[in-house]
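Report on the structure given below.
Just so it is clear, none of the values below were taken in a lab; they were calculated from the coordinates. Just so we're clear, the structure is a prediction, and the values are computed from it rather than from any experiment. Cβ placement follows ideal geometry from the backbone for every residue including glycine, while neighbour counts extend to all protein chains displayed.
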Amino acid sequence: MAQMDSQIAPIYEGLTITVVEMTFMQSVFIGGVHLDGVSSGKIKNLLSDIIQMENCHILKCKSETYGHIHFKTENDAGLFFQRVQGQTFEFEYNDDPGEIKTISIEFFPSKEITILFIRFR
């Protein structure tokens, strides 16, 4: 930010410059161990036992070890991420009757959009 102000100030000397930075995040990235073979519906069911999972949709290919939770609003995504940030959730998963796997799910911010609003007076 300081670099930007120093570039603008000489050009617009005498003006007041206000810079507002806003970040929007409408989805949360999920990743973990043994998530391949686990459907998005199963992940939502596992997580809904622990965390409120309203106003969201999980997009994950069953063959992948990652996915995205998409929320209706930035506020919903932000509130959800605040609740899960830095935590790892572990579940026992039994897709095959002879095999029980322990899967873990971690959460990371994704799809952040940063917008700068600059006002000159």
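Considering only 69, 48, 88, the residue lying farthest towards the positive end of the dipole of region 24-111 is 69, judged by Cα position with unit charges set on Cβ. In terms of surrounding Cβ atoms within a 10 Å radius of their Cβ, 47, 59 rank from fewest to most as 59, 47.
Could you list 76, 95 so that the one with the fewest beta carbons within 10 Å of its beta carbon is first and the one with the most is last? Before the final figure, lay out the partial values.
Details: 76 18, 95 13.
With the fewest neighbours first, 76, 95 line up as 95, 76.
Counting other C-beta atoms within 10 Å, which of 80, 89 has the fewest, and how do the rest follow? Kindly include the intermediate steps, with their values, before the conclusion.
Values: 80 23, 89 18.
Listing 80, 89 from fewest to most nearby Cβ atoms yields 89, 80.
I'd like the FRET efficiency for residue 75 and residue 44, computed as 1/(1 + (r/R0)^6) with the beta carbon distance as r and R0 of 25 Å, rounded to 0.05. So the FRET efficiency works out to roughly 0.80. Couplings 3J(HN,Hα) for region 37-43, derived from phi with the Karplus relation 6.51 cos²θ - 1.76 cosθ + 1.60 (θ = phi - 60°), are x, 9, 7, 5, x, 5, 4 Hz, where x marks Gly and Pro. Computed on region 17-96, the Cα convex hull volume stands at 108 Å³ per residue.
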